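Only one structure is covered here, and it is reproduced in the block below.
The values are calculated or read from the model by the stated rules, or taken from the named source; none is laboratory data. Predicted model only: the values in this text are computed from it and were never measured. Cβ: placed from backbone, ideal geometry, glycine included. Neighbour counts: every protein chain shown. Ligands, DNA and RNA are excluded from the accessible area calculation, which covers all protein heavy atoms including side chains. Shrake-Rupley method; radii C 1.70, N 1.55, O 1.52, S 1.80 Å.
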Amino acid sequence: MSEHPLNSNSCLEVVIDLLAKRGVSLDDIAEIVHFLQINYVPNLTQEMCLESVKAVLKKREVQNALLTGIQLDMLAEQKKLLPPLQSIIETDEPLYGVDEVLALAIVNLYGSIGFTNFGYVDKLKHGKLAYLNDKNNGVHTFLDDLVGAIAAAASSRIAHRQKQQEECLED
């Protein structure tokens, strides 16, 4: 039997702990969310961004993607993957797109704006993403995309809520 019961709350605790062990705080992700949305939501606070990040992380599909991607990064650091996968993940081979595909499972939860946000933040490597993308800081082939996807999804969540509030004011 597993030491962690299989439920969203216990998985949430595990993924937050894994993120921290890999050098990523929820505040780091919230800062990326703030960067993505501040031009569209002028009164946006770091606290609002953090709340949105936490809401995204509560989703089981997000937790599953994080558990899978982080585990693969860790196994690559320990050189425990079979060749040629070891080399592909260890070097973040440019034609390897499975890391982005896994991240899209997260982005997909919030519609097309999530895809746009993800592509933008993935290209810019803003904030913590620059650190994760630096090959001198460990293997983060999956984690950089997953963190970007969480930020994109949380940004999309804020955008959807902002639009709902504006529509309520119009009525």
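Points to keep in mind about this one:
- Apolar share of the accessible surface for the stretch 8-170: 56 percent from carbon plus sulfur atoms, 1.4 Å probe.
- Our helix-only sum for the chain, with -39,500 (n - 2.57) per DSSP H run of n ≥ 4 divided by its residues, gives a mean residue ellipticity at 222 nm of -22500 deg cm²/dmol.
- Links that overshoot a 28 Å alpha carbon limit, given the list 21/123; 21/80; 123/163; 21/163; 59/79; 58/80: 21/163; 59/79; 58/80
- Within the same chain, aspartates and glutamates fewer than 8 places from residue 54 are excluded, and of the rest, those with a Cα less than 19 Å from its Cα are 13, 17, 27, 28, 31, 144, 145.
- If you look at the Cα atoms of the stretch 93-134, you get an Rg and a Dmax of 10.8, 29 Å.
- For the chain, the longest principal axis of the alpha carbon atoms and the long axis of helix 60-77 meet at an angle near 30°.
- Net length gained if the chain between residue 55 and residue 79 were fully extended (0.36 nm per residue, minus Cα distance): 5.3 nm
- Computed from backbone phi, the HN-Hα couplings of the stretch 16-23 come to 5, 5, 5, 4, 4, 5, 8, x Hz, rounded to whole numbers (Karplus: 6.51 cos²θ - 1.76 cosθ + 1.60, θ = phi - 60°; Gly and Pro given as x).
- When +1 charges are put on Lys and Arg Cβ atoms and -1 charges on Asp and Glu Cβ atoms, the dipole computed for the chain relative to its Cα centre reaches about 200 debye.
- Placing a label point 7 Å from the Cα of residue 40 along the Cα-to-Cβ direction, the residues of the stretch 99-123 whose backbone N falls under 15 Å of that point are 107-122.
- Cα-based shape type of the stretch 1-104, given that a ≥ b ≥ c are square roots of the gyration tensor eigenvalues and the cut on a/c is 1.5: oblate
- Most tightly packed first, judged by the mean number of other beta-carbon atoms within 10 Å of their residues, the peptides 43-52, 149-158, 98-107 read 149-158, 98-107, 43-52.
- ³J(HN,Hα), Karplus 6.51/-1.76/1.60, whole Hz, each residue of the stretch 29-45, x for Gly, Pro: 5, 4, 5, 5, 4, 4, 4, 6, 10, 4, 6, 10, 10, x, 8, 5, 10
- Spatial separation of Cα centroids for the stretch 1-55 and the stretch 115-146, in angstrom: 15 Å
- Among 60, 22, 161, the largest mean-square fluctuation in a Gaussian network model of the chain (Cα springs under 10 Å) belongs to 161.
- For the chain, the longest principal axis of the Cα atoms and the long axis of helix 98-107 meet at an angle of about 30 degrees.
- Compared with the direct C-alpha span, the chain from residue 101 to residue 71 gains 9.2 nm at full extension, assuming 0.36 nm per residue.
- Rg [Å, one decimal], Dmax [Å, integer] - the stretch 40-171, C-alpha atoms: 16.2, 60
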